[in-house]
Each structure stands twice: as structure tokens, then as C-alpha cells.
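Enquirer: The structure that follows is given in the form of C-alpha cells.
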Amino acid sequence: NELLADFYKERERWSLPMQLSFLSVRLTALRSVNRPFARTLVADYTSLKDPLFARLLLRDRELRLFERIAAMGATDISLPDVIVHLDATDEVLLERIRRRGRPYEESIDRAYLRALRSAYDAELTANPDVSVIRFDTSNLDLGSERQML
């Protein structure tokens, strides 16, 4: 997302433009998925993600604007049957971010990770029709070609 670096520099200023940018791309992709499926479909995104981030990052009129725009586009988007939620400890996540070496991600801290984890937990438990499988990836070596979980 071309707005991501700006967002990490100045979150309050760039949260709404960034969220709307993500929403526009993701709604287009999700609309291309039609049920029922002829085979299993695996995606790294769910329609639950954009509202989750919006509630975490936006306030008052910006949140209301986002929700109105999102509601116009999400009328025919269905929820997944299963979500596989990957997480790790703050220490591991911060080290992975550091190794990734993206200068604009240097502002990510434990407080942001905790707020994000809390938002995910609330969202994933609020939808009883969606099964959630959780994996702690703290011990996962992302540099290896083969993993034993």
C-alpha cells in the first residue's frame, strides 16, 4: 500500500486514507469470490479485518465515514467458514519486524501490538458462526524451508 509508510510516520493523519485504500483493493478481490465453491478456497484476508483496523485506528466522524463506505461495498461479501489466526509473542514479532528492515515500521511498538492483538481477539470471538484455529508461531523459524509444528 503506497500510504503505509506515511501511516507509520503520522498515524492519526493517514489512518483514514490508508484504511480506505486497503478497503477498495480488498472489496474488489472479495467480490470476485462466489459461493458455493467448487473446491476449497484459502485466502490470507477476511472481510472482518478492515472494520477491525478501522475501529482500532479511527475515531468519531472518520470511523463513521469509513463504516458508511464499507457498508456500501460489503453487502454481498460472506464470512469465511474458518479463520486460521497466526500470532507470536511481542518479542518475536518485534524481532521479525526489525529483521524485515522496513524503516517505516520502526514505530511499531509493544503497545500497538497489544492493541492489535486485543482487537483481533474481540473480533474473532464476536463471530460465533466462524470457526477460529489459533497457532502460536513464536517458535517458527521463518528462515527454514521445512517446519515441524
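The values are calculated or read from the model by the stated rules, or taken from the named source; none is laboratory data. As the structure is a computational prediction, the values presented were derived from the model and not from experiment. Every residue, glycine among them, receives a Cβ derived from its backbone with ideal geometry; neighbour counts consider all protein chains shown. SASA here: full protein model, heavy atoms, side chains in, ligands and nucleic acids out. Shrake-Rupley method; radii C 1.70, N 1.55, O 1.52, S 1.80 Å.
Enquirer: Take the stretch 105-130 and flag every residue that is open to solvent by 60 Å² or more (accessible area, probe 1.4 Å) and of a type in the set (Ser, Thr, Tyr).
Expert: The answer is 118, 125.
Enquirer: Within the stretch 7-17, is even one residue aromatic (Phe, Trp, Tyr), surrounded by 14 or more Cβ atoms within 10 Å (Cβ to Cβ) and closer than 26 Å to residue 126 by Cβ?
Expert: Taking every residue of the stretch 7-17 in turn, at least one turns out to be aromatic (Phe, Trp, Tyr), surrounded by 14 or more Cβ atoms within 10 Å (Cβ to Cβ) and closer than 26 Å to residue 126 by Cβ.
Enquirer: Among the residues of the stretch 40-47, is there at least one that is open to solvent by less than 40 Å² (accessible area, probe 1.4 Å) and among the hydroxyl-bearing types (Ser, Thr, Tyr)?
Expert: Checked the stretch 40-47: at least one residue is open to solvent by less than 40 Å² (accessible area, probe 1.4 Å) and among the hydroxyl-bearing types (Ser, Thr, Tyr).
Enquirer: Further, regarding this structure: Here are some residues: 79, 142. Which one is exposed (fewer than 15 other Cβ atoms within 10 Å of the Cβ), of a type in the set (A, V, I, L, M, F, W, C), over 30 Å from residue 36 (Cβ atoms) and modelled with pLDDT under 95? Write out each step before concluding.
Expert: Numbers: 79 fails: over 30 Å from residue 36 (Cβ atoms).
The conditions single out 142.
Enquirer: Right, something else. Assuming residue 7 fulfils every condition listed in (1) under 14 Å from the mean Cα position of the chain (by Cα); (2) part of a helix (DSSP H, G or I) apart from one, which condition is it?
Expert: For residue 7, the exception is condition (1).
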